[in-house]
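Scroll down for the structure; my scribbles are underneath it.
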């Protein structure tokens, strides 16, 4: 085969990833995006022109060697491609599915200036999935350093930190409060977006290779405190990656009625507890006929799309799912693909609308919701235009279930008896952005517990930076405290 | 997995189990709870710790078979294992020498009131305990309660054992006759509601341990939230004990009933499966 010229490469259209038809997928729980075939992956990899100064890597929070992995793929060397990927990212099957590539690597791709960027995320997913089946380059466990690290939380930040420390030869024990590792990847993100089998396969693969111990049902703060881990249980360092698990509720009348629930509760019932398969699984999940999801982030989209599927599985008539958002489409914080998929599947968007009261019936079950129309004023501190209520514009919405997807804050349980650990007024842990060091000796933190609710990949980036610093500390190269 | 080391059938519906959980036993204190899941398909259910043995490394739980999950758990035997046993969760009971205290345990609520009465007794309080149930068969731990109480009043709704009365009747008499410094009441929500109503006119601080619907038990879902006069709280993370006089009991009772249809469906399915299994 003759080498393509850059001009020829740039003529290849961006390859679309096959997806389930919206009409069909809204009636099942299977993954929406089906992944590239080898042919599509080859075509897409061929589009990369291997820039001399690649911009794409600048957009990646963990610095994946994007040109290298695509070059190897282009040359048909999939093992080499995976090896290049694993230099920086050990969880490609997960990242390829949930990263907001359009604002990161793909946003920086030079091809995007005149046409469409290389589908880096889809290629990452392709090689990640391939590796889970074929295991071409297992992570190697070096000789033990004899140092022990406790990782609290098994979500994206903790997993990334654990794998990097394992690769450096440290003995790693992960503590998970729930019965299944993965954090938000398991309890929050739905099956149709990120199959749980993929999450478990990635975790098992890495843990097996590196001898990482994963302890479930271990609620740190109650079973052991951070001080006990450091002083009595023989750990040389602690990484705190417990995320932002505490849900927020609006402070409006009727907020505690039956049928008003946090997106966390709804998604946990559906995803972690597999409530969509009740009564085969024991945890029930209520399905509203007219559901309002408040908020428009990724979690709101997930909750809305789960509801659509539950309604369809029950063949419910006259069913509606609304996303009620106080700002306009331009401010929607969700990943573009999720917003798009939600629209395609039939979620109704009520923009510039804010709830002011929830009504309940004699059994204290939701029977309606009073809302007010909003307009956008001057930009606020977040840079987005501030929504302002329009006086006298109140109206009633006919709903029987309200799901709050308004963001989350760190769960305080883990901070019990963690003397010296400074936190902000929002409850987040104060940690250095570059190193993850907290104000407490031998304790690092990263991910949502530091930033408040953000993305999977930014948490992974923080886990990675902390791992490098912890490694330096354990090797005796630095002593930050 | 968490091994069942002991099992005792207290009545047709009440079962006691001793679970191997040395790390939890090391830390457990009166008033805390665990989250239990029977198998990989199971629900996460909160159960207040009935007793703990730090030396043996065990936690004792007592549960009433009210739904599919507890019925299924009731079929497990010594040597079987539970899929999940996480804890100790929630805040421990605030224990100090208050003076004279009353500990009320109704039905399966006798189990969690026991370690609280014991701790209060150890702290120097004069402990008067009231235990009650619908009938004699549903009573248990009379001897254990007697051992940690200065006085014990036993009553049944139908008079089949002890005094024929609801627990609120002797409670009211005690409040009228003596100086009572604090009351704990644990049992069905409706019992706790009426205990709260009984003590309120006397202005005696009253603590209840709420058993709401939960999933994670660590503050993540908010399904357990309870409306207090000062605002909503999470039973799992802020409780499980609260000032009884501040609880919106009617909302609490309504929230406990929300999944009644699903619970009924699960029980029917379970009973059907059991019958089918018996046939094969």
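Tabulated data for the structure shown
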{"item": "Candidate set from region A:220-229 (those that are closer than 20 Å to residue A:171 by Cα and in contact with a strand residue (DSSP E or B) (Cβ under 9 Å, 6 or more places away or on another chain)); member that is farthest from the other protein chains (Cβ to nearest Cβ)", "result": "A:226"}
{"item": "Candidate set: region A:191-236, residues that are in contact with a helix residue (DSSP H, G or I) (Cβ under 7 Å, 6 or more places away or on another chain) and without any contact (Cβ under 8 Å) to a residue 60 or more places away in the chain; chosen: the one nearest to residue B:92 (Cα to Cα)", "result": "A:223"}
{"item": "Count of region A:156-171 residues which are in contact with a strand residue (DSSP E or B) (Cβ under 6 Å, 6 or more places away or on another chain) and in a helix (DSSP H, G or I)", "result": "5"}
{"item": "Residue among A:290, A:286 that alone is under 22 Å from residue A:341 (Cα atoms), in contact (Cβ under 8 Å) with a residue 60 or more places away in the chain and surrounded by fewer than 24 Cβ atoms within 10 Å (Cβ to Cβ)", "result": "A:290"}
{"item": "Exclusive hit being within 13 Å of another protein chain (Cβ to nearest Cβ), under 28 Å from residue A:121 (Cα atoms), buried (at least 21 other Cβ atoms within 10 Å of the Cβ) and modelled with pLDDT of 95 or more, set A:267, A:261", "result": "A:267"}
{"item": "Of residues in region A:39-48 being in contact (Cβ under 8 Å) with a residue 12 or more places away in the chain and surrounded by fewer than 19 Cβ atoms within 10 Å (Cβ to Cβ), the one nearest to residue A:344 (Cα to Cα)", "result": "A:40"}
{"item": "Members of region B:211-230 found to be more than 9 Å from chain A (Cβ to nearest Cβ), more than 18 Å from the chain's Cα centre (by Cα) and buried (at least 19 other Cβ atoms within 10 Å of the Cβ), listed by number", "result": "none"}
{"item": "Meets criteria (over 29 Å from residue A:334 (Cα atoms), over 24 Å from the mean Cα position of the chain (by Cα) and modelled with pLDDT of 95 or more) for residue A:165", "result": "no"}
{"item": "Residues of region A:230-256 satisfying the condition of being crowded, with 16+ Cβ neighbours inside 10 Å and more than 12 Å from chain B (Cβ to nearest Cβ)", "result": "A:230, A:235, A:236, A:237, A:238, A:239, A:240, A:241"}
{"item": "Leading residue by the ranking (nearest to the chain's Cα centre (by Cα)) among those in region A:270-287 that are facing chain B (nearest Cβ under 10 Å) and not in a loop (DSSP other than H, G, I, E, B)", "result": "A:272"}
{"item": "Residue check for residue A:399: free of Cβ contacts under 8 Å to residues at least 24 places away in the same chain and either more than 21 Å from residue B:221 (Cα to Cα) or surrounded by fewer than 19 Cβ atoms within 10 Å (Cβ to Cβ) (or both)", "result": "no"}
{"item": "Extreme residue, farthest from the other protein chains (Cβ to nearest Cβ), among residues of region B:42-57 that are within 14 Å of the chain's Cα centre (by Cα) and part of a loop (DSSP other than H, G, I, E, B)", "result": "B:50"}
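The values are calculated or read from the model by the stated rules, or taken from the named source; none is laboratory data. Since the structure is predicted, the reported quantities are computational estimates derived from the model, not experimental observations. With ideal geometry, Cβ positions are generated from the backbone for all residues, glycine too; neighbour counts draw on all protein chains shown.
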